[in-house]
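The values are calculated or read from the model by the stated rules, or taken from the named source; none is laboratory data. Computed from a prediction, not measured in an experiment: that's the story for all the values here. Quick reminder, even Gly has a Cβ in these numbers, built from the backbone with ideal geometry, and neighbours come from all protein chains shown.
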């Protein structure tokens, strides 16, 4: 399963690293790629994963950024 | 408003406010140092500096200070942490110096914040430029569609369009979504999606792609795909995902970026301690520590690769070349063999009439009419090729039509019995091939399939059919040969046919008689001799594309195999492969350049700061310039001609 998250507030390379690190800590997250250009994180979750959008949002707000939209 | 613009506007607002306060501050500070003009006495000046600097650092820089401290508190350090610490410490010197003899860096804190904001503003603008092609792609989709309701044409929002709706597209308008033409004809500009610069003619039954532009006629289009299922959405997904994909060379830079900020924090403390220990001058020690904090720039290092990848993939997307995995860019420079699948890649993938030979020099028209009228009743691909080529308005009446499986067709036109088929059929019917034998052999030697046409048991002509080579295959393969690659073709055809095609397009090596399921195995064998880039259609060739070091999947212009291939060529032209290789190499060398600068900058700048050579303001200027340089350098990739 693939989620596309639009994130506000990232402005530097360490922001990207932080968001990636925080999202990767969620179990069931297989792969994360965050782009400063598109302001988006693409998260690949394991099949039948129970990770909720809320969990993803929290992982992002924990490190100081805001998830605007999860698709 | 999108995030990019919002970010730029935000930095710009802060920039104006910050300098509006900082410039007068600088005038006060330096008029005393340089011109010995004193506006106020020393104590008043100290207080004024604290008062003026406060809003710059703590109000205008609020989000930076907040993020930075939060980063330190949660151990998710970021570059704001460095700036926050640097400016706060600098500011505090302005207070401490009332009690201790110490240089006053409070004015410097405002300057650091202002320069940081300026750097961020310039960098975010340059970043916006780097992503401009991608942004264009994201905004390409149509917003509205014209539809007929109750006999009236009305505009509806694109989200209201349902599969099966018939949409009306006037000249100059965007095709709202993927669909099939049900009425009308026009030429369509598909360049924004496929990179194909020539307009494509569309008639009834043709597939159209959403977001392309209708040039001249009115088209009625039945929507076949909407929303996230459309061709454009797939392309966007692909390009967006590629933005965050990693290039192996960046691994070290990423690892350093991850631990960069804490290391700098420690280094800054050590710098302070070291200076206090060996020099003992508190002012110098604090100055050096602040310089270390603000000179270190994780951005140059962390952005070096992704920003170049963004520019490269954007340039590709504009030309219908979609780079899916950053890894392919790095592997591309080691490729020795470019292995092409024949059918559908080098060739068009469906037969076309290539030669017509008529026994009677004036009878060609008649020959074609007879052949097309008969073949029009058959669904065989070769029959379709003949019908398409002749393109009759009206067919002759055919009686007693029969398909002779594996051999040909027969029927009666007027009073004449017509038999069209291969050699075997002619032999069975005891029709002599005398006189045309040499022509047939000639065609077969070129790898073509021949259809022999007979009238009342006498040969009247031959039509040769072949899976024609795409227009630019030969040009592309020659370009690769010149570039030092070994071009190889893989096919299920026999060697005669395969060699004929290979010769025609300039292929160096041929692997013939390969069953589709063995293609991946053949790729593996070739890999023993060097790295292989496999070019195939992505539908039948998925395992071979995966096995190859770089897999390039060819789209057809309206369809692409998303899952296969490291790079996807939307329009399926082999020149796209050449462009993809050139682009990958150019992007990779830009990546290396950027990494070099980023490393060199930090390796030189940080020791200088530790050594106390650089004033904190100079350090901050250097930091801002370093990340701007990396982004600007990436933008220079555009100068490369692809």
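For residue B:546, the criteria (1) surrounded by fewer than 24 Cβ atoms within 10 Å (Cβ to Cβ); (2) touching a strand residue (DSSP E or B) at 6+ places or on another chain (Cβ under 6 Å); (3) in contact (Cβ under 8 Å) with a residue 24 or more places away in the chain hold in every case but one, which is (2). Within region B:69-79, restricting attention to residues that are more than 8 Å from chain A (Cβ to nearest Cβ) and in a helix (DSSP H, G or I), the residue that is farthest from residue B:299 (Cα to Cα) is B:73. Whether any residue in region B:9-27 is in a loop (DSSP other than H, G, I, E, B) and more than 28 Å from residue B:130 (Cα to Cα) is what I want to check. So far as region B:9-27 goes, no, none of its residues is in a loop (DSSP other than H, G, I, E, B) and more than 28 Å from residue B:130 (Cα to Cα). Exactly one residue out of B:502, B:512 is free of Cβ contacts under 8 Å to residues at least 60 places away in the same chain and in contact with a helix residue (DSSP H, G or I) (Cβ under 7 Å, 6 or more places away or on another chain): that is B:512. Please determine, by comparing only the residues of region B:228-245 that are in a loop (DSSP other than H, G, I, E, B) and facing another protein chain (nearest Cβ under 10 Å), which one is farthest from residue B:135 (Cα to Cα). Checking each candidate, the answer is B:245.
So for region B:272-292 (the condition being in contact with a strand residue (DSSP E or B) (Cβ under 8 Å, 6 or more places away or on another chain), more than 14 Å from chain A (Cβ to nearest Cβ), surrounded by fewer than 23 Cβ atoms within 10 Å (Cβ to Cβ) and touching a residue at least 12 places away in the same chain (Cβ under 8 Å)), does at least one residue qualify? Within region B:272-292, none of the residues are in contact with a strand residue (DSSP E or B) (Cβ under 8 Å, 6 or more places away or on another chain), more than 14 Å from chain A (Cβ to nearest Cβ), surrounded by fewer than 23 Cβ atoms within 10 Å (Cβ to Cβ) and touching a residue at least 12 places away in the same chain (Cβ under 8 Å). Can you pull out the residues in region B:398-414 that are assigned to a loop (DSSP other than H, G, I, E, B) and either at pLDDT 90 or above or touching a strand residue (DSSP E or B) at 6+ places or on another chain (Cβ under 7 Å) (or both)? Residue satisfying the conditions is B:407 alone.
Among the criteria (1) farther than 18 Å from residue B:241 by Cα; (2) in contact with a helix residue (DSSP H, G or I) (Cβ under 7 Å, 6 or more places away or on another chain); (3) more than 10 Å from every other protein chain (Cβ to nearest Cβ), the one residue A:55 does not fulfil is (2).
Does at least one position in region B:309-320 carry a residue that is farther than 19 Å from residue B:130 by Cβ and either away from chain A (no Cβ under 14 Å) or more than 13 Å from the chain's Cα centre (by Cα) (or both)?
Checked region B:309-320: at least one residue is farther than 19 Å from residue B:130 by Cβ and either away from chain A (no Cβ under 14 Å) or more than 13 Å from the chain's Cα centre (by Cα) (or both).
Please verify whether residue B:176 is in contact (Cβ under 8 Å) with a residue 24 or more places away in the chain and surrounded by fewer than 16 Cβ atoms within 10 Å (Cβ to Cβ), treating the condition exactly as stated. Against the criterion (in contact (Cβ under 8 Å) with a residue 24 or more places away in the chain and surrounded by fewer than 16 Cβ atoms within 10 Å (Cβ to Cβ)), residue B:176 does not qualify.
Of the listed requirements (1) closer than 18 Å to residue B:572 by Cα; (2) surrounded by 17 or more Cβ atoms within 10 Å (Cβ to Cβ), residue B:471 misses just one: (2). Taking residue B:511 as the residue in question, decide whether it is more than 24 Å from the chain's Cα centre (by Cα), closer than 22 Å to residue B:330 by Cα and surrounded by fewer than 20 Cβ atoms within 10 Å (Cβ to Cβ). Taking the combined requirement at face value, the residue does not satisfy it. Residues in region B:76-93 that are free of Cβ contacts under 8 Å to residues at least 24 places away in the same chain and either buried (at least 18 other Cβ atoms within 10 Å of the Cβ) or closer than 16 Å to residue B:266 by Cα (or both): B:76, B:80, B:84. Of the residues making up region A:1-28, those that are surrounded by fewer than 21 Cβ atoms within 10 Å (Cβ to Cβ) and outside any helix (DSSP H, G or I) are A:1, A:2, A:3, A:4, A:6, A:8, A:9, A:25, A:26, A:27, A:28. Here is the figure for region B:437-476: residues that are in contact (Cβ under 8 Å) with a residue 60 or more places away in the chain, more than 16 Å from residue B:409 (Cβ to Cβ) and in contact with a strand residue (DSSP E or B) (Cβ under 7 Å, 6 or more places away or on another chain) total 9. Screening residue B:209 against (1) within 14 Å of another protein chain (Cβ to nearest Cβ); (2) touching a helix residue (DSSP H, G or I) at 6+ places or on another chain (Cβ under 8 Å) leaves a single unmet condition, (1).
What do you reckon, is residue B:130 within 14 Å of chain A (Cβ to nearest Cβ), more than 18 Å from residue B:297 (Cα to Cα) and crowded, with 18+ Cβ neighbours inside 10 Å? Criteria met by residue B:130. Where residues in region B:246-259 are touching a residue at least 60 places away in the same chain (Cβ under 8 Å) and in a helix (DSSP H, G or I), which of them is nearest to the other protein chains (Cβ to nearest Cβ)? So, considering only residues that are touching a residue at least 60 places away in the same chain (Cβ under 8 Å) and in a helix (DSSP H, G or I), the one nearest to the other protein chains (Cβ to nearest Cβ) is B:253. Just one of the listed residues (B:153, B:139) is surrounded by fewer than 24 Cβ atoms within 10 Å (Cβ to Cβ), away from every other protein chain (no Cβ under 14 Å) and either under 30 Å from residue B:323 (Cβ atoms) or out of contact with any helix residue (DSSP H, G or I) (no Cβ under 7 Å at 6 or more places or on another chain) (or both), namely B:153.
Within region A:32-52, count every residue that is more than 8 Å from chain B (Cβ to nearest Cβ), surrounded by 14 or more Cβ atoms within 10 Å (Cβ to Cβ) and at pLDDT 85 or above.
Selection size over region A:32-52: 4.
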